[in-house]
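Enquirer: Attaching a single structure in structure tokens format; questions to follow.
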Amino acid sequence: MKKQLIAAAVAATMSVVASADISITGNAKYEYDHTDNNGSTSNTGNTEVNLLVKGKSGDTSVVANFEITRSDDGTTSTTSDAIDVEDLYMTTKVGDIAVKAGNWASGTSAHLGEIDNGARGKNKIDLSYTMGDIKVYAGNNSTTSGSDTAYDDNMYAGVVLNNVMGNTINIKKHNEKQDSFGIKGSMGGVSYRVETADHDTEGDTTFAQLEGTLGGLKVNVASLNADSAAALDEDDSSLFALSTGHSDNATATGQDQVWISTDMQGTKFDVKMGSIEKGISTTKDRDYTQVKATRKLASGATAVVTFTDQDMSSGSKENLEIELNVAF
């Protein structure tokens, strides 16, 4: 009898899970890093697992994104374990208004993504309305400290205009100090993206990018220029090999980069060559070269080998990273 009751309970539970609109996806990777900083070497390892949980009921969805990491440089005392809730938010609709509330980060492909660090805030709120090719939105980015949402200086509003002669135009009021404009599109097989920001105290910032194909090679040219280093706080760029907003580049006011990529017999090769203006000091730029090889394995995993060479204040810094990753 007990076995029958247990079986019935398990069956009921599985039935509820099966009928619920819930999905769990994710990815995992192991990284080995060898760094030679002007003769001083170090070796580190890092394991990272990301789990994305989504639940849906009607027009309402809930997203929870967990990052689980362990890093080790070979000594027990410096082993670091962490479980981080990276994104936690809800999306729903109130009439024709789309609502997003919680904590999330914007990617570097977003408007001003290569300029501003779209970090996770506290109690973010975003409201948007779409009519045809026009989207208007407003929200609150919350504060960088404290637990309360500061509506007075973190409110934003903007409009996205799609299909304007084949272009997408972004106009945004970020807060009481910053405004921005962006346009992206393509012409003659070449895609372009240009964005500008005007900050009352940090000055003007411009980002420009061109991408096309030349002789079977994919070529991407990008440029970033700012009046001050304070205007560039993006520290996790997916476009530039090195971010101008990284802590090592606190004086950086921009950079130029050429990115060439191609596929050869199942392996993708990416070469990035660039220079960060004032990336070492106010009088010295930081030149760099990065070569990456990516290949999918028969096992379902992907192997990535990346070599980065960059100038330092004295000598150079070379980094070799070997990564195995898998998505599920």
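Values in this text are rule-based calculations from the coordinates and carry no lab data. For clarity, every value in this text was computed on a predicted model and none was experimentally measured. Please note: Cβ atoms are built from the backbone with ideal geometry, for glycine as well, and neighbour counts cover all protein chains shown.
Enquirer: Give me K284, K100 sorted ascending by neighbouring Cβ count inside 10 Å, so fewest comes first. Walk me through the intermediate numbers first.
Expert: Working: K284 14, K100 18.
Lowest count first: K284, K100.
Enquirer: Among T130, A222, S180, flag the residue with its Cα farthest along the positive direction of the charge dipole of the chain, charges on Cβ as +1 for Lys/Arg and -1 for Asp/Glu.
Expert: Farthest along the dipole direction, towards plus: T130.
Enquirer: Scan around G26 for amide H atoms under 5 Å from its own, H built in the peptide plane at 1.01 Å from N, and keep only partners 5 or more places away or cross-chain.
Expert: When sequence neighbours closer than 5 places are left aside, the close amide H contacts are L52, F328.
Enquirer: Now a separate question. If each DSSP helix of 4+ residues adds -39,500 (n - 2.57) and the sum is divided by the residues in the chain, what number results at 222 nm, nearest 500 deg cm²/dmol? Show your work: numbers first, answer last.
Expert: On the way: 2 runs with 22 residues, N = 328.
Dividing the helical sum by the residues of the chain leaves -2000 deg cm²/dmol.
Enquirer: Moving to a separate point now. Just want the ordering: I125, I83, from fewest to most Cβ atoms lying within 10 Å of their own Cβ. Present the calculation step by step, with values, prior to reporting the outcome.
Expert: On the way: I125 18, I83 9.
With the fewest neighbours first, I125, I83 line up as I83, I125.
Enquirer: Kindly count the pairs of lysines across region 201-328 whose alpha carbons are less than 17 Å apart, treating pairs on different chains or eight or more residues apart as eligible.
Expert: 10
Enquirer: Between V194 and A327, with labels modelled 7 Å along Cα→Cβ, what's the label distance in nm to one decimal, could you check?
Expert: Distance between the two pseudo-spin positions: 3.3 nm.
Enquirer: Sequence neighbours fewer than 8 away in the same chain don't count; with that in mind, list the lysines whose C-alpha is under 18 Å from K124.
Expert: K93, K100, K172, K173
Enquirer: Just tell me which aspartates and glutamates come within less than 18 Å, Cα to Cα, of K56; anything on the same chain fewer than 8 places away is out.
Expert: Cross-link targets: D21, D87.
Enquirer: Quick one: 3J(HN,Hα) in Hz for region 45-54, Karplus 6.51/-1.76/1.60 with θ = phi - 60°, rounded, Gly and Pro as x.
Expert: Listing the rounded values in order: x, 8, 10, 9, 10, 10, 10, 10, 10, 10 Hz.
Enquirer: Taking the Cα centre of the chain as origin and charging only Cβ (+1 Lys, Arg; -1 Asp, Glu), how large is the dipole, in debye to the nearest 20? Can you show the working numbers first?
Expert: Numbers: 27 positive and 46 negative charges, 323 e Å.
Dipole size: approximately 1560 debye.
Enquirer: What shape does the chain have by the C-alpha gyration tensor, where a ≥ b ≥ c are the square roots of the eigenvalues, rounded means a/c under 1.5, and otherwise prolate means a/b greater than b/c and oblate the rest? Each step should come with its number before you reach the end.
Expert: Details: a/c = 1.62, a/b = 1.16, b/c = 1.40.
Taking the square roots of the gyration eigenvalues as a ≥ b ≥ c, the chain is oblate.
Enquirer: Let me ask another. Pick from T289, T206, T41: which is most flexible by mean-square fluctuation in a GNM of the chain where alpha carbon atoms under 10 Å apart are linked?
Expert: For the chain, modelled as a Gaussian network with Cα springs under 10 Å, the answer is T41.
Enquirer: Let's test the formula: R0 of 25 Å, r as the Cβ-Cβ distance of T130 and N175. What FRET efficiency results, to the nearest 0.05? Don't skip to the end; give the middle numbers.
Expert: On the way: r = 23 Å, r/R0 = 0.94.
It comes out at approximately 0.60.
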